[in-house]
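Working notes, beginning with the structure itself.
Values in this text are rule-based calculations from the coordinates and carry no lab data. Computed from a prediction, not measured in an experiment: that's the story for all the values here. When we count neighbours, we look across all protein chains shown, and the Cβ atoms used for this are built from the backbone with ideal geometry, even at glycine.
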Number of protein chains: 2
Amino acid sequence: MTAEEAYEFLLKTSLESSYLGSLGELAAWDQRTYLPRGGQGHRAEQLATLARLLHERITDPRIGDCLAAVERTALVSDPDSPQAVNVREWRRDYDLATRIPERLAVDIARVTAEAESVWEQAKQADDWHRFEPYLAQVLDLQKEKAHALGYLEEPYDALLDRYERGETAATLEPLFRTLKDSLVQLLEKIEGSGRRTATPLLARSFDIESQKRFCRTVASALGYDLECGRIDVSAHPFTIGIGPGDVRITTRYNENQIARGLFGTLHEAGHAMYEQGLPREHWGTPRGQAVSLGIHESQSRLWENFVGRSRGFWSYVLPVAQAELPRLSDTDLDGFLLAINTVAPSLVRVEADEVTYNLHILLRFELELSLMRGELSVSAVPEAWRMKMREYLGIEPSSEAAGALQDVHWAAGLVGYFPTYTLGNVFAAALYAAADREIGPLEERFACGDFASLKEWLRTKIHEVGSTYSPRQLILRATGELASPKSLISYYETKYSELYHL
Amino acid sequence: MTAEEAYEFLLKTSLESSYLGSLGELAAWDQRTYLPRGGQGHRAEQLATLARLLHERITDPRIGDCLAAVERTALVSDPDSPQAVNVREWRRDYDLATRIPERLAVDIARVTAEAESVWEQAKQADDWHRFEPYLAQVLDLQKEKAHALGYLEEPYDALLDRYERGETAATLEPLFRTLKDSLVQLLEKIEGSGRRTATPLLARSFDIESQKRFCRTVASALGYDLECGRIDVSAHPFTIGIGPGDVRITTRYNENQIARGLFGTLHEAGHAMYEQGLPREHWGTPRGQAVSLGIHESQSRLWENFVGRSRGFWSYVLPVAQAELPRLSDTDLDGFLLAINTVAPSLVRVEADEVTYNLHILLRFELELSLMRGELSVSAVPEAWRMKMREYLGIEPSSEAAGALQDVHWAAGLVGYFPTYTLGNVFAAALYAAADREIGPLEERFACGDFASLKEWLRTKIHEVGSTYSPRQLILRATGELASPKSLISYYETKYSELYHL
């Protein structure tokens, strides 16, 4: 077998699996939007069968043979070439997939399914003890998985690397430490400022159809191509890239919470523009894929927060909003900006503001690291949770449902996943600052309705690059600087000093 | 390999392929309902890849080995057992799939794709000559396919059998002859009756949202389970069984043509109730599948016409309609029945009434049979078409677009498909008459809103039986009589004599 033949086989296999996977994406979209209730059981079986068939395909020993035949040949000598990138990533996927014994994969699927269902009941009943033994099992299996996957420093790294390649506990700990110090300080200053915000204006009642129209208009103005996408409604907003020309988002609307539907839409539109900007000609191979959860989250948060909560953006968009939603017509820009940028410690992560959000993530990162290291027992989680909430946010939950039971992630076995949310913020800030230097001032562009320049900049620097580089390399190449929380901290300090007159 | 092991392998393969196929069904549904325009290219590639992978699966030589190992063993000694039915049908599918050389399959796919696209242009331009060479190619390939598949009497039979197992030109010719004689006579009497109908009331304008609500109400009253289905809008109405608990229909609405949306819904609801009534425990195997197009069509036409255009039905439903659609409130039952049962020769099959519809099918059956037999040349089709239209319906098209270019079927290579429409009517009449004898008078039941009795009868006699028997055996077992056009002719004569005072 020549290197070329081996590569051809790998390419064909990758494309076929991607087409099958993309049918799974469509099925997942349908499951959360239009699936009739009676079809849920069939859908679960259908997706499980597809997952099994895809796993069989990805662990096909012929892939191992072909990889061996193409690695270290002239075909992949340029490490940035599509061939080299693909072979590198196919190797990674093959090794990861073949390292997990089938027995372990089956156990994980079974235990997390049980744990998710028990978690739901436990949350409803506000009963940590019910969930405890399941979380213990989930963690044991995740430890086993980490050992199967392999790591250099500690088991947690193996899990984290699946979501954010290259990151380790050792890279994240100093990053979170720096963030914590600044954010806790900033939060104290904001709380001490005495400035109160006008959030009630966001609690006014707005007709859902008008909200929908407004959200479509804004998403489209930012650059989300609706000819190649659509916006539907689902309980939890998500973005799904079914294939080139077909990247869909969902959001949810609440008559009395206009911010929910709107910022949900902007967030998902950010994810979707990344997917829409991936190089079409490389679809179905790693070269054409999004590189990591952290980079994906940087795109959603950049458009949701850095753009969507900025003065420049709203000086252009507020009149549009007032035309579609006349109840906003008595609102001025300053009041509106303060309303959508209110910082206030709260118990539930998904409702947190930009600043305190990262402290929620920090808390989870620290707890899951301690759990994985065996320094914290499952039964001690609620108390540790309360302690950290008090320390970082100055409040604590009176129930487990609003505390350690609030997120599904651990039940679902997603250990090492939370940090990617904050990494998303860190990367977004770095990118935004670099774009502002190169093609800014961005807010002046937004104020004239020019969002295309920023989108184009991101397209060239991030979207079209696919998985060519690791996330940190990508940020370095795009911004000229190593990723650090510096830009994020400076963004928060500048923005909130102005808003809160600090 | 024991027979049991062989059967296990075949079963597993069948289920896996069905789950994959069912993802394809979902993708086809989405393609015609919600797919963004930009995603069309990807969807076509996705479906083509799936078709190729499914073809690889179905022609896997291990299937041949397993079939050989299980056939003629004790496991399949009872021919009506699920095992025997499945093995019989898997053998049929395997033989058919392996008999067509890959080169031929590829040619057919390519030529029909071209022919469909040229047909669309030719129809628009009203230009038969443009389409002629493509139809000639399509027919040549269909003849080649027929030879590859094999037949006893003539090539046409091989094609027909794929859509309606067991049927041949020799079984259909006398059936159509009998039908033609009666229908042409009945049509003459109706036309001579001088009775004119009140169709304008159906051309009144009805708000689309009200039409939708009314169609949902009626479909649901008939027994289409909307918890296990949904109704969407598409250019051409269709039913799609994605899996147990998930059988969807579509329809189309026109403000000035209420009959189109309504009878479209009833027709598709009939198809859908068949799919919903298939035995869930046998899903993914032939035992759990619909047996043929003719039987499927019998279900749609039974609910659309035998039920949905009956006096009993409307004496219950008209008040419901009048409540939802107040513009119908000046309508009386007799006028309404005549309006929805108007018989009048027309040029376009899909707009034809119940009676003349079969004459359209007859015309196509005769032409395609002559084409396949080499008795008719492609260039002579338009003239032959006009002659037959004149002979059977007393009218003729002034354009090819309303004549020989009106249907996509031939361009799509669907030779031998048309007869299943009329077989559907024949089977529907036989079933309806039998049900009327056993649990009737059915119209009295309909008049009280009892549609469940008929649905249950069909469920037991047809739906739950899946593919256990051939279509004609199924009809014989359900009705106690051999299928013949007798019931259909008698239904038409009774119904239209009354309506038209013949």
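Points to keep in mind about this one:
- Taking Cα atoms only, the orientation of helix A:208-222 departs from the longest principal axis of chain A by about 70 degrees.
- FRET efficiency, A:Val184 to A:Val350 (Cβ-Cβ, R0 25 Å, nearest 0.05): 0.75
- Helix A:128-149 axis versus longest C-alpha principal axis of chain A: approximately 50°, rounded to the nearest ten.
- Working note: Cα atoms of the range B:3-150, range along each principal axis, descending, whole Å: 61, 38, 26.
- Sequence-ordered 3J(HN,Hα) estimates for the range A:356-365 from the Karplus curve with 6.51, -1.76 and 1.60 and θ = phi - 60° stand at 6, 3, 5, 6, 4, 5, 3, 4, 5, 4 Hz, glycine and proline given as x.
- Inter-probe distance in nm under a simple model that places probes 7 Å from Cα toward Cβ, at B:Glu396 and B:Glu153: 3.0 nm
- Here the contact order of the range A:3-150, divided by its residue count and restricted to Cα pairs under 8 Å and six or more residues apart, works out to 23 percent.
- At full extension, B:Arg327 and B:Thr171 could sit 51.4 nm farther apart than now, given 0.36 nm per residue minus the alpha carbon distance.
- Mean partner shielding of peptide B:335-346, defined as the number of other chain Cβ atoms within 10 Å of each residue Cβ, is 0.
- Between identical copies, the spacing of A:Glu8 label points, each set 7 Å from Cα toward the C-beta atom, reads 3.9 nm from nearest to farthest.
- The value of relative contact order for chain A, using C-alpha pairs under 8 Å at least six residues apart, is 20 percent.
- Positive-pole candidate from B:Trp119, B:Thr13, B:Gln46, dipole of the range B:1-143, charges at beta carbon: B:Trp119
- Averaged over the residues of A:52-60, the number of partner chain Cβ atoms lying within 10 Å of the residue Cβ comes to 1.
- Between copies, the label points of A:Ser470, set 7 Å from Cα on the Cα→Cβ line, lie 6.8 nm apart, reported in increasing order to one decimal in nanometres.
- Its alpha carbons give chain A an Rg and a Dmax of 23.0, 73 Å.
- Acute angle (nearest 10 degrees) that the helix B:40-58 long axis makes with the longest principal axis of chain B, alpha-carbon atoms: 50 degrees
- Extension gain, B:Glu498-B:Ala44: 0.36 nm per intervening residue step, less the Cα-Cα distance, totals 158.4 nm.
- Here the average projected area of the convex hull drawn through the C-alpha atoms of the range B:340-418 stands at 5.1 nm².
- Burial ordering of A:Lys145, B:Lys12, fewest other beta-carbon atoms within 10 Å first: B:Lys12, A:Lys145
- Compared with the alpha-carbon gap, the fully stretched path from B:Asn254 to B:Thr98 is longer by 51.7 nm at 0.36 nm per residue.
- Proxy reagent accessibility, fewest Cβ within 10 Å first, across A:Tyr492, B:Tyr163: B:Tyr163, A:Tyr492
- Set of lysines near B:Lys123 by C-alpha distance (under 30 Å), chain-local residues within fewer than 8 positions excluded: B:Lys143, B:Lys145, B:Lys180, B:Lys388
- Neighbour counting of Cβ atoms within 10 Å sorts the residues A:Glu45, A:Glu188, fewest neighbours leading, into A:Glu188, A:Glu45.
- Segments A:390-400, B:29-39 sorted - mean Cβ within 10 Å per residue, highest first: B:29-39, A:390-400
- Debye log10 I(q)/I(0) for the range B:111-266, one point scatterer per Cα, at q = 0.09, 0.13, 0.20, 0.21 Å⁻¹: -0.58, -1.14, -1.07, -1.08
- Here the convex hull built on the C-alpha positions of the range B:249-398 has a volume of 162 cubic angstrom per residue.
- Taking 18 Å as the cut-off, the amide N atoms of the range A:105-135 that come nearer than this to a point 7 Å along the Cα-to-beta-carbon line of A:Glu56 belong to A:105-106.
- Taking every Cα-Cα distance in the protein assembly as shown and sorting them into 20 Å bins starting at zero, the pair-distance distribution P(r) comes out as 11, 37, 32, 18, 2 percent.
- Residue of chain A whose Cβ sits closest to the axis mapping A onto B, with distance in whole Å: A:Leu23, 2
- Inter-copy label distances at A:Ser205, shortest first and taken from points set 7 Å along Cα to Cβ: 3.2 nm.
- Inter-chain Cβ neighbour count for B:442-450, averaged per residue, equals 0 (cutoff 10 Å, partner chain atoms only).
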